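Peer 1: Below is a structure I'd like to ask you about.
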């Protein structure tokens, strides 16, 4: 299957997560991605985590987010290397960076500089907080973005204080938003600048609660018991059972009381109270559900079309037919230091014409393609 972005060349100046997650998705869609790495240190994420998480002495994080790309070592302050970069730009379709504002300009690689070399280039960049304002030069790091954006007030119970998400959500969202902008810009036939800040991406993620806040100016109230979504009433949450947990989404409290044979729930006949009294309702549910196993409760609730689910860890998930049927796992490989390296990772989640977008190449070793890329583009006019 010919992938949609086959023939598209992406010159990738990104590192860490937000930018590399965007160029990973472009690769999955068929683009060729040349990753430009600092001539001495490479992408800092090659070694950012403890070696317990390494694959062949390089960060598993780096391996996951940079599979399928080519690695070019370059000193962007060296005239010879910069000339090679300029030559590649002439033939590229997309240039991506996630440096702090001003860095690409100082290197002579601003949008104006690049567009002068290639008048149809798409120039895509991610910043932490945009290019203006008091935060413009702050580090665009995920936890910091979760902190200043208000996102951390939405998880956990009120008594927990601020709780960050356990994933680099601002990075991932900024990368995904940048890909959307790039794909739209590919419809143009002139130089186009696409910009996303991590702050704007994480604010967009909160458009629902922020829209409500603009209407009533009420502080976020998460409740104390079995919290999940700050805007949703009972029974919404996770509940301990005799052998695990189950999730309950929206549902009629009285109906739940009847199905579960939980008489105290039958008193909550007014749906308008299911938010204001959610802690009381959830406490009753929690004390009731812990008496039986997850399977016992699910066998009652699922046939009644109650929105519920078992709560799985990764071990249980990966063994489940619901996961296996998706065919999400792929094995990728590459040569590192003369040794074949194979590891499992997840594929692109997009299907096109009912076909999976899989790839076989692992992340590149540092500078693996430098010689070949230099030879290829030095021969181009």
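Each value in this text was obtained by applying a stated rule to the coordinates, not by laboratory testing. Note that the structure is a prediction, hence the values are computed from the model and not measured. Don't worry about glycine lacking a Cβ; one is built from the backbone with ideal geometry, like all the others, and counts go over all protein chains shown.
Peer 1: Given contacts defined as C-alpha pairs under 8 Å and at least six residues apart, what's the relative contact order of region 140-255, whole-number percent?
Peer 2: Relative contact order of region 140-255: 24 percent.
Peer 1: Mean separation of Cα pairs under 8 Å and 6+ residues apart, divided by the residue count of the chain: what relative contact order is that in percent?
Peer 2: Result for the chain is 17 percent.
Peer 1: What whole-number volume per residue, in cubic angstrom, does the convex hull of the C-alpha atoms of region 304-363 give?
Peer 2: Values: hull volume 7.7 nm³, N = 60.
Spread over its residues, the Cα hull of region 304-363 gives 128 Å³ apiece.
Peer 1: Counting only Cα, what are the radius of gyration and maximum Cα-Cα distance Dmax of region 199-248, in Å?
Peer 2: Using the Cα atoms of region 199-248, the pair Rg, Dmax is 14.2, 43 Å.
Peer 1: Still on this structure, I have one more. Sort the chain into rounded, prolate or oblate with this rule: let a ≥ b ≥ c be the square roots of the eigenvalues of the Cα gyration tensor; rounded if a/c is under 1.5, and if a/c is not under 1.5, prolate when a/b is larger than b/c, oblate otherwise.
Peer 2: prolate
Peer 1: Along its principal axes, what span do the Cα atoms of region 241-381 show, with the longest given first and each in whole Å?
Peer 2: 79, 33, 30
Peer 1: Next question. Using the alpha-carbon centroid of each, what span in Å lies between region 1-61 and region 227-276?
Peer 2: Centre-to-centre (Cα) distance: 44 Å.
Peer 1: Sticking with this one: Compute the separation of the alpha-carbon centres of region 161-209 and region 351-381 and state it in Å as a whole number.
Peer 2: 25 Å
Peer 1: Quick check: pseudo-label points 7 Å beyond the Cα along Cα→Cβ at residue 220 and residue 167, how many nm apart are they?
Peer 2: Here the modelled spin labels are 1.7 nm apart.
Peer 1: How far is helix 79-91 tilted, in degrees, relative to the longest principal axis of the Cα atoms in the chain, given as a value from 0 to 90 rounded to the nearest 10?
Peer 2: Taking Cα atoms only, the helix is inclined about 70 degrees.
Peer 1: Quick one: Cα centre-to-centre distance for region 104-135 and region 285-317, in angstrom?
Peer 2: What the calculation gives is 51 Å, centre to centre.
Peer 1: While we're here: Using helices alone, I'd like the mean residue ellipticity at 222 nm for the chain: each DSSP H run of four-plus residues gives -39500 (n - 2.57), total over residue count, nearest 500.
Peer 2: Value at 222 nm, helices only: -9500 deg cm²/dmol.
Peer 1: Round to the nearest 10 and give me the degree value, 0 to 90, for the angle of helix 169-185's Cα axis relative to the longest principal axis of the chain.
Peer 2: 60 degrees
Peer 1: Let me ask you something else. With everything on Cα atoms, drop me the angle between helix 18-28 and the longest principal axis of the chain, reported from 0 to 90° to the nearest 10.
Peer 2: Approximately 80 degrees, to the nearest 10.
Peer 1: Another question, then. List, largest first, the extents of the alpha carbons of region 237-319 along their principal axes, each in whole Å.
Peer 2: Principal axes ranked by extent give 41, 22, 21 Å for the Cα atoms.
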